[in-house]
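Engineer: I am attaching a structure below and will ask some questions about it afterwards.
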Amino acid sequence: MIGKLTGILSDKNPPQVLVDCGGVGYEVQVPMSTFYNLPPVARELPC
């Protein structure tokens with residue numbers, strides 16, 4: 001299990017997001033409440 005990801009939000013497609021972490025893309029399923037609070041694509045995700 002991964003506890004934390006930091007990187008650039010590459011894509012958003014409910015309920016999944018794609019996070020680019022140093023050239024590796026992680027597909028992450030997030031709750032819709034979290035999805036709606038995410039920044040726009042190509043922005044760094046807050047910690």
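Engineer: Being touching a residue at least 12 places away in the same chain (Cβ under 8 Å) and β-branched (Val, Ile, Thr) is the filter here; which residues of the range 30-47 pass it?
Structural biologist: First pass over the range 30-47, keeping only residues touching a residue at least 12 places away in the same chain (Cβ under 8 Å): 30-32, 35, 38-45, 47.
The answer is Val30, Val41.
Engineer: Hey, can you tell me all the residues within the range 15-47 that are of a type outside the set (Gly, Ala, Ser), surrounded by fewer than 14 Cβ atoms within 10 Å (Cβ to Cβ) and assigned to a loop (DSSP other than H, G, I, E, B)?
Structural biologist: Passing the criteria: Pro15, Pro31, Tyr36, Asn37, Pro39, Pro40, Val41, Arg43, Pro46, Cys47.
Engineer: Next question. Here are some conditions: (1) basic (Lys, Arg); (2) touching a strand residue (DSSP E or B) at 6+ places or on another chain (Cβ under 9 Å); (3) exposed (fewer than 14 other Cβ atoms within 10 Å of the Cβ). Lys12 meets all but one. Which one does it not meet?
Structural biologist: The single condition Lys12 does not satisfy is (3).
Engineer: State which residue pairs qualify: first residue in contact (Cβ under 8 Å) with a residue 24 or more places away in the chain and inside the range 4-29, second residue of a type in the set (Ser, Thr, Tyr) in any location, beta carbons under 8 Å apart, and separation of 6 or more residues or different chains.
Structural biologist: Taking only residues 6 or more apart or on different chains, the pairs are Leu5/Tyr26; Gly7/Tyr26; Val19/Ser10; Val19/Tyr26.
Engineer: Only one of these is at pLDDT below 90 and under 9 Å from the mean Cα position of the chain (by Cα): Leu45, Leu38, Leu18, Leu9. Name it.
Structural biologist: Sole residue among the options that is at pLDDT below 90 and under 9 Å from the mean Cα position of the chain (by Cα): Leu45.
The values are calculated or read from the model by the stated rules, or taken from the named source; none is laboratory data. Since the model is a prediction, treat every value here as computed from it, not as a measurement. Neighbour counts are summed over all protein chains in view; Cβ atoms, including those assigned to glycine, are modelled from backbone coordinates with ideal geometry.
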